[in-house]
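Chemist: Here's a structure for you.
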Amino acid sequence: MPASLALKRQVVTVCRRLYERGMIAGTDGNVSVRTGVGAMLITPAGFSKVDVGVDDLVEVSWDGARKSAGRRASTEQMMHVHCYRRRADVGAVVHAHPPFATAFATAGAVLPSDVLPEMVFQLGNIAHIPFVLPGTTAVADAMDPHIADHDVFLFANHGATTIGPTLESAHQRMESLEHGARIVWLAQALGRPRPLPREAVALLHNMRVANKAPLTPNDSRSRS
């Protein structure tokens, strides 16, 4: 089934929010949503995301065959496909270059997620991925050991990818990642950030797992 106009508008809205909130520049970033069995809607290659409109989005099958006329799909499409293939619960993928989070990845510094309740609950553990050349199958290969139990990925010297059951959740995780990274950076300027008590982290992780109910075909959150 072709992607609905409403779903396309959601993708365009997320692209503009990423741009307006300084998480991408130029042609940075890519966004996709699952549209059915073996298919996804993804942003086009070579576009500033603030300029992307509903008619610029590309629907492609997971083997790379284009299902809609028009633009060429993002060069990172294989990373998105890998997320969908490996995680049946993933309905959307967001890739961006949020400055504070990417600064941690570029400096080779670990961004802790156990210092803020919101980071633990929204993000879980953050997967730190060694540098791989963007736009290649090496990106998916590097994610593979972590993808089963992570929703947030920081790529050394590159950027970040977040996944979720819906486009809203994947985008919110990107925002939470950047907001948390900024707070950690500021805390480091004042001293050493203090981790949450282990008991609190364990409780928040349990709440997070309980909150991640799998989608069903009739779920109101399901992908169109």
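Chemist: Between A73 and residues 5 or more places away or on another chain, which pairs have amide H atoms under 5 Å apart, with H built 1.01 Å from N, and which residues are they?
Modeler: A45
Chemist: Once you list every other residue whose beta carbon is under 10 Å from the beta carbon of M23, what net charge do they have if Lys and Arg are +1 and Asp and Glu are -1? Present the calculation step by step, with values, prior to reporting the outcome.
Modeler: On the way: positive: R17, R21, K49; negative: E20, D28, E175, E178.
Local charge sum for M23: -1.
Chemist: Hey, another quick one. So for R85, R194, what's the accessible-area order with a 1.4 Å probe, most first?
Modeler: Details: R85 140, R194 205 Å².
Putting R85, R194 in descending order of accessible area: R194, R85.
Chemist: Now for a separate question. In sequence order, what are the phi-derived ³J(HN,Hα) couplings for the range 2-14 according to the Karplus relation 6.51 cos²θ - 1.76 cosθ + 1.60 with θ = phi - 60°, rounded to whole Hz, with x for glycine and proline?
Modeler: Those phi angles translate into x, 5, 6, 5, 4, 5, 4, 5, 4, 5, 4, 4, 5 Hz.
Chemist: Suppose a student asked you for the relative contact order of the range 20-178, using Cα pairs under 8 Å spaced at least 6 residues apart; what percent would you report? Walk me through the numbers before you get to the answer.
Modeler: Details: 312 pairs, mean separation 37.3, N = 159.
Dividing the mean separation by the residue count of the range 20-178 yields 23 percent.
Chemist: Of V90, V209, V184, which has the largest mean-square fluctuation in a 10 Å C-alpha GNM of the chain?
Modeler: In the Gaussian network model the winner is V209.
Chemist: Under 1.5 on a/c is rounded, so check that first for the range 76-224, then, if it is not, pick prolate when a/b is larger than b/c and oblate when it is not; a ≥ b ≥ c are the square roots of the alpha carbon gyration tensor eigenvalues.
Modeler: Working: a/c = 2.02, a/b = 1.19, b/c = 1.70.
It comes out oblate by the Cα gyration axes.
Chemist: Would you rank V52, V201, V110 by solvent-accessible area, highest first, keeping every protein chain in place and using a 1.4 Å probe?
Modeler: Working: V52 0, V201 25, V110 105 Å².
Solvent-accessible surface, decreasing: V110, V201, V52.
Chemist: Can you bin every Cα-Cα distance in the range 104-173 into 10 Å intervals starting at zero and give me the percent of pairs per bin, rounded to whole numbers?
Modeler: Over the range 104-173, the share of Cα pairs per 10 Å bin runs 20, 52, 26, 1 percent.
Chemist: Right, here's the next one. Counting residues in the range 1-124 as N, plug N into 2.2 N^0.38 Å and put the Cα Rg over that result. Write down the numbers at each step before the final one.
Modeler: On the way: Rg = 15.3 Å, N = 124, 2.2 N^0.38 = 13.7 Å.
Ratio of Cα Rg to 2.2 N^0.38 Å: 1.11.
Chemist: By a straight-distance test (C-alpha under 16 Å), which lysines pair with K67 as possible cross-link partners, with residues fewer than eight away in the same chain excluded?
Modeler: K8
Chemist: Quick check: Cα centre of the range 84-125 to Cα centre of the range 135-170, how many Å?
Modeler: Their Cα centres are 8 Å away from one another.
Chemist: Same structure, new question: For the range 1-103, what % of the accessible area comes from carbon and sulfur atoms, probe 1.4 Å?
Modeler: On the way: 2260 of 4470 Å².
That fraction is 50 percent.
Chemist: Now a separate question. What are the ³J(HN,Hα) values, in whole Hz, obtained from phi via the Karplus relation 6.51 cos²θ - 1.76 cosθ + 1.60 with θ = phi - 60°, for each residue of the range 46-58 in sequence order, with x given for Gly and Pro?
Modeler: Each residue of the range 46-58 in turn: x, 10, 5, 5, 5, 9, 6, x, 4, 7, 8, 5, 10 Hz.
Chemist: Also, I was wondering about something else. Among the aspartates and glutamates, select those whose C-alpha is under 19 Å from the C-alpha of K49, and discard any that sit fewer than 8 residues away in the same chain.
Modeler: Excluding near neighbours in sequence, the set is E20, D28, E59, E76, E168, E175, E178.
Chemist: Based solely on its DSSP helices, what 222 nm [θ] is calculated for the chain when runs of n ≥ 4 H residues each add -39,500 (n - 2.57) and the sum is averaged over all residues, nearest 500 deg cm²/dmol?
Modeler: Values: 7 runs with 87 residues, N = 224.
Rounded to the nearest 500, it is -12000 deg cm²/dmol.
Chemist: Using the heavy atoms of the protein chains alone and a 1.4 angstrom probe, what is the accessible area of the range 1-152 per residue in square angstrom?
Modeler: Solvent-accessible surface per residue comes out at 44 Å².
Chemist: Please list 3J(HN,Hα) in residue order for the range 201-208, calculated via the Karplus relation 6.51 cos²θ - 1.76 cosθ + 1.60 where θ = phi - 60°; whole Hz, with x for glycine and proline.
Modeler: In residue order, the calculated couplings are 4, 4, 5, 5, 5, 5, 5, 5 Hz.
Chemist: Give, in nm to one decimal, the length gained when the segment between F121 and T136 is fully stretched (0.36 nm per residue of separation minus the Cα-Cα distance).
Modeler: On the way: separation 15, 0.36 × 15 = 5.40 nm, distance 3.12 nm.
Extending this stretch completely gives an extra 2.3 nm.
The values are calculated or read from the model by the stated rules, or taken from the named source; none is laboratory data. Please read all numbers here as calculations on a predicted model, not as lab measurements. No Cβ is skipped: glycine too gets one built from the backbone with ideal geometry, and neighbour counts run over all protein chains shown. Surface accessibility is based on the protein's heavy atoms, side chains included, excluding ligands, DNA and RNA. Shrake-Rupley method; radii C 1.70, N 1.55, O 1.52, S 1.80 Å.
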